[in-house]
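A.B. asks: I am attaching a structure below and will ask some questions about it afterwards.
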Amino acid sequence: MKRLPLLFALSMVGSTVDAQRDYWQQRVEYVMNVTLDVTSHKVNGTQQLTYQNNSPDTLTKVYYHLYFNAFQPGSMMDVRSRSLPDPDRRVADRISKLKDDEIGYQHIQALKQDGKEVIFKVTGTILEVTLAKPLLPKGKAVFDMKFESQVPIQIRRSGRNNREGISYSMTQWYPKIAEYDFQGWHAYQYVAREFHSPWGDFDVKITIDPKFVIGGTGVLQNPEQIGHGYSQSAKPDLSRNLTWHFVAKNVIDFAWAADPDYTHDKAKVPNGPELHFFYQKNEKTAETWKKMQEYAVKVFQYLNDNFGRYPFDTYSIIQGGDGGMEYPMCTLILGEGSLAGVSGTMAHEVAHSWYQMALASNEALHAWMDEGFTDFASSEAMASILNETIPPHQSSYASYFSLVNSGLQEPANQHSDHFNTNRAYSTMAYSMGAVFLEQLKYIIGEDTFYKGMKRYYNTWKMKHPQPNDFIRIMEKTSGLQLHWYLRYWINTTKRIDYGVGRILETNGGTLVELNRIGEFPMPIDLTVTFKDGTKQLFYISMNELLGNKPANKAAEGRITLQPWPWVNPSYSLIVSKQQSEIESIEIDPSQRLADVNRKNNKVVFAELKPYSDPTK
């Protein structure tokens, strides 16, 4: 290796690491060979898992997830669903009514570590394995497993024979080792949501009835033997089962779906991946899926341009018949419905290829980093593609305000399964996550924000970023201190509420008092509109920021005032013209603050009596 000059070498280290925390992550390599019997709905297979312990810890146990075990009467998922005041209607009490041939299970028939038998026990959806030999730091172990599973009737995400008639949605279908990181093992019981997995490679062979078409994670290795749209010239032998061979490199999961009636279409994203579409082509899908394919190409282009390059060569959009759920290199979405519904779901799930399948945050603990960032990106993509004039995140703000008014709001910083209501979880994960980013754009400025989003992606892709990792990237990009914002929005239920207070004549001008009514401090954009049509823009930072956001072109001539200390309940400023010349005064005219009472944000002087106090 050529020796680099010292200063250059140090700069290279800094740019690569980007001052990350002392970071490590585990590594896995799966080799699986499975057979799905479409008559009994059972999967029999072998799994060889090579596990690389990159942690500084010696491991005496490992844990696997057995997700199919959740689909049994009396499971934690069943009990939780029947206990919630607002259960997912797709689940409700359906698990409790499953018969023996309809339930899901995963039975571990044999398990060895480096050729030696290990002791293991199953509790619900968790397999606890006591190692035959401790796994030392930087050590490697090979686990050989033989297992049998029964595919459940589809209740949620995984399963067979769903309401749209899709035969198999094979997600969370194999014994999957749990994530181990600086917080220890994340061996959560599968109650409802979400997932967290180590990065690795998958080599998967699936043997199935030859009439079935498979789409899923990875790249098909034997298209000439399979045909079914993968190869134009191949004519598979339909007299015997076919074995499909997929390989996926550097992903966090492997999912697939199978149906004998799938149509397989393709489209190419310019300078991007090849897209595959698997759906049952009929009067409910034919027109919408063809049009949706055009939108899919544009969504990839938009996300590539604005948030970073998609890291794989292929992506599959598959009719799974149950809402939408993201997986590496593919998604399963509802097939039937309006063009807007199918396209919106597609865009959201595609955006997960950035926020979860490349930036694999722990969505069980920080769902807002996954669902919220995805909602933000997909909403902006579709708004741009459709040339919409409505602000793309308007519905996210409305959802947040509705939750606040309901009295059901909870702090976002908790495990996804532990919210008291599904409504609180959904609003926190999706809407509050999106609002978090839109407000951050307000705080640091639009250009800085998008630079930061790309820097975050390029720094942390193919890793497991934490909330601190994200906010530090945005601090480095903006030069502002932002931890106060993260703490308030994620760790508390404090609300933003600012109002225009007293307005008094002064010598040659007007004194304006602003009030912080809510407990959540924020920097303030203030616009004063005069009767002659001109405007005066004021920017009031807050002392926690330790700086000011840059003025964009729309804010040219902005007057930057002294910061507002967060402990002060009010702030006063002087407008250079008299009250009789003022048309209105408005806090946050862009309405990007999630201000829970916007009625007190604006004063229109024609509606006031002279020298009155607008707060009375």
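A.B. asks: What size of dipole, in debye to the nearest 20, comes out for the stretch 117-188 about its Cα centre when the only charges are +1 on Lys and Arg C-beta atoms and -1 on Asp and Glu C-beta atoms?
C.D. replies: 120
A.B. asks: Which value in deg cm²/dmol, rounded to the nearest 500, describes the helix-derived mean residue ellipticity at 222 nm for the chain, given -39,500 (n - 2.57) per DSSP H run of n ≥ 4 and division by the residue count?
C.D. replies: Calculated from helices alone, the mean residue ellipticity at 222 nm is -7000 deg cm²/dmol.
A.B. asks: Applying a 10 Å radius around every beta-carbon, put 327-338, 58-69, 395-406 in order of their mean neighbour count, most first.
C.D. replies: 327-338, 58-69, 395-406
A.B. asks: Determine which lysines satisfy two conditions relative to LYS121: a Cα distance under 23 Å, and not lying fewer than 8 residues away in the same chain.
C.D. replies: The qualifying lysines are LYS42, LYS61, LYS112, LYS133, LYS140, LYS146, LYS176.
A.B. asks: Calculate how steeply helix 467-478 sits against the longest principal axis of the alpha-carbon atoms of the chain, using the helix alpha-carbon long axis, and give the answer as 0 to 90 degrees to the nearest 10.
C.D. replies: For helix 467-478, the angle is close to 50 degrees.
A.B. asks: For the stretch 339-388 and the stretch 539-568, write down the distance between their C-alpha centroids in whole Å.
C.D. replies: The distance from the Cα centre of the stretch 339-388 to that of the stretch 539-568 comes to 31 Å.
A.B. asks: Explain nothing, just compute: Karplus ³J(HN,Hα) = 6.51 cos²θ - 1.76 cosθ + 1.60, θ = phi - 60°, for every residue of the stretch 138-146 in order, whole Hz, x for Gly and Pro.
C.D. replies: The phi angles translate into 6, x, 9, 9, 10, 10, 10, 10, 10 Hz.
A.B. asks: In addition: Largest first, what is the accessible-area ranking of HIS186, HIS228 with a 1.4 Å probe?
C.D. replies: The most accessible residue leads, giving HIS228, HIS186.
A.B. asks: With the full set of protein chains in place, find how many percent of the accessible area of the stretch 61-102 is carbon and sulfur; take the probe as 1.4 Å.
C.D. replies: 47
A.B. asks: Still on this structure, I have one more. Please list TYR51, TYR230 from largest to smallest accessible area, probe radius 1.4 Å, with all protein chains kept in place.
C.D. replies: Correct descending sequence by accessible area is TYR230, TYR51.
A.B. asks: Heavy atoms only, 1.4 Å probe, whole protein assembly: order LYS291, LYS463, LYS146 by accessible area, highest first.
C.D. replies: Order by accessible area, largest first: LYS146, LYS291, LYS463.
A.B. asks: Now a separate question. Taking the highest mean first, how do the peptides 359-369, 562-572 order by number of other beta carbon atoms within 10 angstrom per residue?
C.D. replies: In decreasing order of mean packing, 359-369, 562-572 become 359-369, 562-572.
A.B. asks: What residues qualify as long-range amide H neighbours of LEU131, i.e. H under 5 Å apart, gap of 5 or more or another chain, H built at 1.01 Å from N?
C.D. replies: Here the answer is LYS61, VAL62, since their amide H atoms fall under 5 Å of that of LEU131.
A.B. asks: Any idea what the alpha-carbon Rg over 2.2 N^0.38 Å comes to for the chain?
C.D. replies: Rg over 2.2 N^0.38 Å, computed on Cα atoms: 1.08.
A.B. asks: Could you work out how far helix 373-385 tilts from the main Cα principal axis of the chain, as a 0 to 90 degree angle to the nearest 10?
C.D. replies: Between the helix axis and the principal axis of the chain, the angle is about 80 degrees.
A.B. asks: Please name whichever of LEU504, PHE530, ILE517 sits farthest to the positive end of the charge dipole of the stretch 488-540, dipole taken about the Cα centre and charges placed at Cβ: Lys and Arg +1, Asp and Glu -1.
C.D. replies: With unit charges placed on the Cβ atoms, the residue in question is ILE517.
A.B. asks: Let me ask something additional. To the nearest 10 degrees, how steeply does helix 394-406 sit against the main Cα axis of the chain, on a 0 to 90 scale?
C.D. replies: It works out to around 80 degrees.
A.B. asks: Given the stretch 420-559 reduced to its alpha-carbon atoms as identical point scatterers, what log10 I(q)/I(0) does the Debye formula return at q = 0.08, 0.16 Å⁻¹?
C.D. replies: With no solvent term, the Cα-only Debye profile gives -0.29, -0.98.
A.B. asks: Loop-only trypsin sites (Lys or Arg not before Pro) in the stretch 529-560, please: DSSP not H, G, I, E or B, and at most 13 other Cβ atoms within 10 Å.
C.D. replies: LYS531
A.B. asks: If you don't mind, there's one more thing I want to ask. What is the distance in Å between the Cα centres of the stretch 166-197 and the stretch 206-246?
C.D. replies: 27
A.B. asks: Sticking with this structure for a sec: Roughly how many debye, to the nearest 20, is the charge dipole of the stretch 304-462 about its Cα centre, given +1 on each Lys and Arg Cβ, -1 on each Asp and Glu Cβ, and no other charges?
C.D. replies: 400
A.B. asks: Computing the accessible area with a 1.4 Å probe over protein heavy atoms, can you report the carbon and sulfur percentage for the stretch 506-616?
C.D. replies: It is 51 percent, rounded to a whole number.
A.B. asks: Write down the accessible area per residue of the chain in Å², having rolled a 1.4 Å probe over the full set of protein chains.
C.D. replies: 42
A.B. asks: Something else: Can you pull the accessible area of TRP256 for me, 1.4 Å probe, Å² to the nearest 10?
C.D. replies: 0
A.B. asks: Could you run the Karplus curve 6.51 cos²θ - 1.76 cosθ + 1.60 with θ = phi - 60° over the stretch 591-598 and give me ³J(HN,Hα) per residue in whole Hz, x for Gly and Pro?
C.D. replies: 6, 9, 6, 7, 6, 6, 9, 7
A.B. asks: What is the set of long-range amide H partners of TYR174 at a cut-off below 5 Å, with H atoms built 1.01 Å from backbone N?
C.D. replies: For TYR174, whose amide H was placed from the backbone, there are no distant partners under 5 Å.
A.B. asks: Oh, and also: Nearest 20 debye, what's the magnitude of the dipole of the stretch 82-146 about its Cα centre given +1 on Lys and Arg Cβ and -1 on Asp and Glu Cβ?
C.D. replies: For this selection, approximately 220 debye.
A.B. asks: Could you work out how far the C-alpha centroid of the stretch 439-479 sits from that of the stretch 265-308, in angstrom?
C.D. replies: 28
The values are calculated or read from the model by the stated rules, or taken from the named source; none is laboratory data. It should be emphasised that the depicted structure is a prediction, and the values quoted were computed from it without experimental measurement. We place every Cβ from the backbone using ideal geometry, glycine too, and count neighbours over all the protein chains shown. These accessible areas exclude ligands, DNA and RNA; they are computed on the full protein's heavy atoms, side chains included. Shrake-Rupley method; radii C 1.70, N 1.55, O 1.52, S 1.80 Å.
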